[in-house]
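Take a look at the structure below.
Bear in mind these aren't lab numbers, they're just calculated from the coordinates by the rules spelled out. What you see is a predicted model; the values in this text were computed from it and never measured. Methodologically, a virtual Cβ is constructed for each residue, glycine included, from the backbone with ideal geometry; neighbour enumeration extends over all protein chains shown.
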Amino acid sequence: MANKRKRGVSSDTLSNKAHVGELGRGSPAENQLQSPPQSKSATRASFGDQLATSGTQRDFCAGCGVSLKKRRRYSLSGPANSDLRDFIDQNRSKRFQKRNSDRKGTFDPNTKALSESDSICDSCRLAFRDSKMSTSKSSLPEGTINLTLKRASASHKKCVFGCSSKSLHIIPQTVRDKVLVTHRFYLPEGSRYCDKHLSDEQWELLSQTATSCTYNQSHIEDMIDSLRKLADKQQSFFNFEFIDDMCDSQVEQWTGINKDQFKNLLSLLPSLTEAEKKNPSTALALYLIKLHTGGTDERLFSLFNIPRSSAERLMDKARNSLLKDFVPLYLGFSKNDREELKTHNTKIARELFLNGQNDKLITIWDGTYVYIQKSSNYRFQRKSFSMHKHRPLIKPFVAVATDGYILDVFGPFPANKSDANIMLELFANKSGLRSFFLKDDVFLVDRGFRDCVATLIKYGYDVRMPFLAKGNLSLSDFEANLSRLVTKCRFVVEAVNGRFKQCFRYFDKVWQNKSLPHLMDDYRIAAAILNAFHETIESDVTDSRKIAQFMLAKISEPNRLASLVESQRLNKQSVNFQTMDQNSLKDFPKLSLDDLRILALGSYQLKQARSYYSEHVNPDGSYEIQVCRHVRLLSLKSHSINLNNPMLIRARIQSRHHNTTKYYIYILIDQDKSGAEAISGHFCQCKNGKRTIGCCAHIMTVLWFLGWGRFETEISEPAKTLNNIFAVFEESEEEDSA
């Protein structure tokens, strides 16, 4: 015990020495002071007296007594610190007791009254701040506020619409953001909706089912965070997740379909909304914009401010979903029944090929092409190189109805495989297309199918193809008439192939070989979109029946004028024809546009007539033609031409394809009649010039101008600005004189 008591005395003595020595500003006598053992309170009092008399209390914290020599100090002076001084004065004892009273370098601040000249440590300053914050929090009500913005319940057990359905789904963040911005309605995190309201999306009804306007701290923070993320997304050029805020013309310009069609298409893709819950609209928009514009990936991804890897993943999801959910609805023989496809037989096709009935299918077949890159795989390069186009390509193969509805798309096929061989492969299997098509179904094909016609006829199909015997420069009148029946309806497949590359510029580009594995997937998706959202192709709807009856009435009619011209060798005669302009020709019948449309079997040749006329009209506006001087001497009756007052007109038309080719055209007029009935016959030297079903564009040019155009005040020249597009170098006078 004596040893312990001795150590205790020695400890107090050493502590006192340390306190005094640490002041560092006392006299040498004070530094060498050795006091007898005293109690703690007596020791503190003596130190307080010493500090008070020496003025060194400023080196200690006025709040807890800790030394400030090596600490940051904070002054208590000034009116701004009055609250701080009050806090320190009230808590000096508590603060000192909280600190270790035996700690070196401390003194009891209670031994001296607090003044503005005192300082405190950082710990006391922070204690004052915490006390002030806790006081302000305790003065606020429980953490809720009322806003004019309504919100839904955060319950996980019921739908936000208040229905009793048990099949609930968490509302995605993108949907919550959309409802907040568009409908000013807050959906708390974790809110649920049912299957019915998932498909309906009647968000405007939420305000009728919810009455809560109370928000807590987490609600406010969640809304602020959502708005911040939305602001970040606005840095991209597009945000299809808020398509309602986008302009309809902008959506159609970039995707090829309007806003309502886009939303309708998205609603047909449940697998996409399931696989991509956050950004389904963005995924679909990325894919559609790629198809429609054919732009580079870098430009496309920058518009959405999305990394390449993320954008490619979204596009793959959109493609897979479209193939799974959308394409089977609008493309393929498997989904179509015959009765439904019969509704796509146009009126004019039924009149021409089914005698006005609708008991068979009429389909048009054709191959098209997509250009691709050259390949270092020589086996593939040989198959994909087209000797016709002189470049590598691959061939999709399409079957369409007569109104342009795409029945199916097949392929891809190599460039060196003909349309005939492709057709034979498609119909080789009895369980395939041969089981779908029945006997006497009509196939409209072109000359590229000539090697498979016999086989298709053997299968029982009615195959119609334009005909031109090898070595012949022109068709006979009957062959030309039969060919016109086919071409009148078959133009539709050419229009459809043009739509693919006009509506989806991606197919008009040169495809990279690494993209070829999904080319036919993209082509089938494009075909389904055309079927779903584009109008059918049916020309001359109002006059279709009249045109069909006109064609059928003329199908067996021979071209008597052609036989007259050839037998009399009128192309070699010039003396028998007198040149004159349109003003000197008084007896040519006046025709209406409806008359011309019937004669041309549509409106296409009327557009060509304007272009032909512009090339042949003289600078002064005159249009030269030739009239036969002695038409009665041509022995018309020997060619079964019985006219009492005939007039034969001849003109020479420049071919639009070759500079060296010009055609003589002949028109026989019955001057005793008027209007279209006065046109007794026509003939042209071109390949189709002998047909009596309609006429060629060369003949229509003269009929259009003499019967209608010359009576108009002005005829505008198409694309007139292109006449002076090429550079012309004039020879100088010096060179001429030399």
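Each Lys or Arg adds one and each Asp or Glu takes one away; over the other residues whose Cβ falls under 12 Å from the Cβ of A318, this sums to -1.
For segment 146-233, the tally of Lys pairs with Cα-Cα distances below 14 Å comes to 6, considering only residues 8 or more apart or on different chains.
Measuring how big segment 301-357 is from its alpha-carbon positions, Rg and Dmax come out at 20.4, 60 Å. Residue separation of E535 and K509 scaled by 0.36 nm, minus their Cα-Cα distance, works out to 6.9 nm of gained length. What the Cβ-Cβ distance of H169 and K417 gives, at R0 = 45 Å and to the nearest 0.05, is a FRET efficiency of 0.35. Summarising the overall dimensions of segment 146-233 from its C-alpha atoms, the Rg and Dmax are 12.4, 37 angstrom. Potential lengthening of the chain between K277 and K70 amounts to 68.6 nm, from the contour at 0.36 nm per residue minus the alpha-carbon distance. Using R0 = 22 Å, the C-beta based FRET efficiency linking Q573 and H657 works out to 0.25. Residues whose amide H falls under 5 Å from that of G294, counting only those 5 or more places apart or on a different chain, are R505, Y506, with hydrogens built in the peptide plane. For segment 454-557, the orientation-averaged shadow of the C-alpha convex hull comes to 10.8 nm² (one quarter of the hull surface).
Only Lys, Arg, Asp and Glu carry charge here, each on its Cβ (+1 for the first two, -1 for the last two); on that basis segment 253-330 has a dipole of about 80 debye about its Cα centre.
Can you give me the Cα centroid spacing of segment 283-302 and segment 555-571 in angstrom? Cα centres, segment 283-302 to segment 555-571: 58 Å.
Computed from label points 7 Å out along Cα-Cβ, the spacing between Y371 and D248 is 3.7 nm.
Beyond 24 Å in Cα-Cα separation lie the following of the pairs K290/K389; K572/K662; K572/K607: K290/K389; K572/K607. Eigenvalues of the alpha-carbon gyration tensor of segment 320-453, scaled by 5 and square-rooted, set the equivalent ellipsoid semi-axes at 30, 18, 13 angstrom, largest first.
With neighbour counts taken as other beta-carbon atoms within 10 Å, the residues K229, K687 rank, fewest first, as K229, K687. Counted residue by residue at 0.36 nm each, then reduced by the alpha carbon distance between them, the extension gain from T343 to T713 reaches 128.8 nm. Listed by Cβ neighbour count within 10 Å, with the fewest neighbours leading, L341, L703 appear as L341, L703.
Consider all pairwise Cα distances in segment 639-738 and report the whole-number % of them above 20 Å. Percentage above 20 Å: 57. Distance between the modelled labels on S674 and S638, one decimal in nanometres: 3.6 nm (7 Å Cα→Cβ projection). Modelled label positions at R391 and I725, each set 7 Å beyond Cα in the direction of Cβ, lie 1.8 nm from each other. Dimensions of segment 253-330 along the principal axes, based on C-alpha atoms and rounded to the nearest Å, stand at 32, 25, 18, largest first. Counting only residues 5 or more places away or on other chains, whose amide H sits under 5 Å from the amide H of F413 once H atoms are built in the peptide plane? Placed amide hydrogens put K395 under 5 Å from F413. Taking one quarter of the surface of the convex hull spanned by the alpha-carbon atoms of segment 341-533 gives a direction-averaged projected area of 12.2 nm².
The distance from the alpha carbon centre of segment 661-679 to that of segment 472-498 is 23 Å, rounded to a whole number. When peptides 547-559, 632-644 are ranked by their average number of other Cβ atoms within 10 Å per residue, the highest-first order is 547-559, 632-644.
Among the listed pairs K546/K637; K546/K720; K263/K501; K347/K395, those whose Cα-Cα separation exceeds 28 Å are K546/K637; K546/K720; K347/K395.
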